[in-house]
Amino acid sequence: MRLKDQNALVTGGSRGIGRAIAQAFAVEGARVAVVYRGSQEAAEKLVAEINNKGGRAVAFQADVADAAAVEACVQRVEQELGPIHILVNNAGVIEDDLFVRMKPEAWNRIIQTNLGGVFNFCHAVAFGMMQRRAGRIINISSVSAEHVNMGQTNYSASKGAINSFTRALAVELAKRGVTVNAIAPGFIETDMSAAVRNKAGDRIVKFIPMRRIGTPEDIARVAVFLASADSAYITGQVLTVDGGLTLGAVAE
Ligand SMILES: NC(=O)c1ccc[n+]([C@@H]2O[C@H](COP(=O)([O-])OP(=O)(O)OC[C@H]3O[C@@H](n4cnc5c(N)ncnc54)[C@H](OP(=O)(O)O)[C@@H]3O)[C@@H](O)[C@H]2O)c1
């Protein structure tokens, strides 16, 4: 078990990629705090599944965009499980629109959730990790940070900023034994990508050299690696996990 006796907090752990990460962490022996915003039933179902299999998980409600709620959430998690050793900032949303039509509210919601959420949780846990001289922070970015799509100025900006933030924070925390890395997934089979997959699924697959859409488990395995001792000398990196999507091969 690669994460035995570790306490992990996964934001957006109720569904999709976060759910798979929470499950994979539990299998590796971590105690897992599953943070959700609205999907209470899904979060509680996941927690029950993990606990029934002999693992340890607890669900916590918090909106990652709300700094005070995040502080309170981290306090509750630490009271329940103990210090947080591993933080996965996975919660994210899309609200696509062409730029000229994009409402400032859609810009603010995406930036405050995707980027603000990363800031809020890092801010709430970083000092404790520094004091303990150990910790792992994993931010879920996207290939959309570098490989942009129409209608995603807000989303791409949030993910590009997460990559820069990851590198900058990694430099500050490195000598305190805390690593900060990001994962940039390609197309992954979750609710978030459902609309695009339903509309253009076959066409997308032609652009992926591995000829398949990724699974949440493809990302979860990389998160386990970045959370474990195996990645001890890696920090400030953005790992692309996309089946070759961004290599730029021409679709057949
Ligand atoms: N799917 C892809 O193809 C893909 C590709 C690249 C990157 N990503 C990134 O991977 C991450 C996970 O995406 P996914 O595909 O798993 O999405 P998803 O299936 O839509 O799940 C999103 C998760 O984020 C949570 N969440 C959203 N807003 C939140 C908030 N304000 N506070 C707390 N939790 C919040 C949701 O919780 P509730 O349901 O409780 O609201 C849910 O658990 C995101 O950062 C996304 O940008 C996904």
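General observations
- Considering R203, R221, the condition of being away from the ligand (no atom under 11 Å from the Cβ), under 15 Å from the mean Cα position of the chain (by Cα) and either part of a helix (DSSP H, G or I) or closer than 22 Å to H85 by Cα (or both) is satisfied by R221 alone.
- Any hit, the range 46-58, residues being closer than 24 Å to N154 by Cβ, surrounded by 16 or more Cβ atoms within 10 Å (Cβ to Cβ) and not aliphatic (A, V, I, L, M): no
Yes/no per residue for (1) among the aliphatic types (A, V, I, L, M); (2) at pLDDT 95 or above; (3) closer than 24 Å to N120 by Cβ:
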{"position": "T153", "(1), (2), (3)": "no, yes, yes"}
{"position": "L173", "(1), (2), (3)": "yes, yes, yes"}
{"position": "A184", "(1), (2), (3)": "yes, yes, yes"}
{"position": "A195", "(1), (2), (3)": "yes, no, no"}
{"position": "S228", "(1), (2), (3)": "no, yes, no"}
{"position": "G236", "(1), (2), (3)": "no, yes, yes"}
{"position": "L239", "(1), (2), (3)": "yes, yes, yes"}
{"position": "E252", "(1), (2), (3)": "no, no, no"}
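- Of the residues making up the range 180-192, just one is polar (S, T, N, Q) and either surrounded by fewer than 24 Cβ atoms within 10 Å (Cβ to Cβ) or near the ligand (Cβ under 10 Å from one of its atoms) (or both), namely T190.
- Residue match in the range 124-137 (condition: basic (K, R), part of a helix (DSSP H, G or I), closer than 14 Å to T235 by Cβ and within 18 Å of the chain's Cα centre (by Cα)): no
- Restricting attention to the range 45-92, the residues that are near the ligand (Cβ under 10 Å from one of its atoms) and among the basic types (K, R) add up to 0.
- Selection within the range 147-163 - surrounded by 19 or more Cβ atoms within 10 Å (Cβ to Cβ) and either of a type in the set (A, V, I, L, M) or at positive phi (or both): I162
- E41 meets all of the listed conditions (1) of a type in the set (D, E, K, R); (2) surrounded by fewer than 16 Cβ atoms within 10 Å (Cβ to Cβ); (3) more than 11 Å from the ligand (Cβ to nearest atom) but one, namely (3).
- Of residues in the range 227-245 being over 23 Å from H147 (Cα atoms) and of a type in the set (A, V, I, L, M), the one nearest to the ligand (Cβ to nearest atom): A227
The values are calculated or read from the model by the stated rules, or taken from the named source; none is laboratory data. Bear in mind the structure is a predicted one, so any value in this text is a computation, not a measurement. Cβ sites come from the backbone with ideal geometry, for glycine too, and all protein chains shown count toward neighbours.
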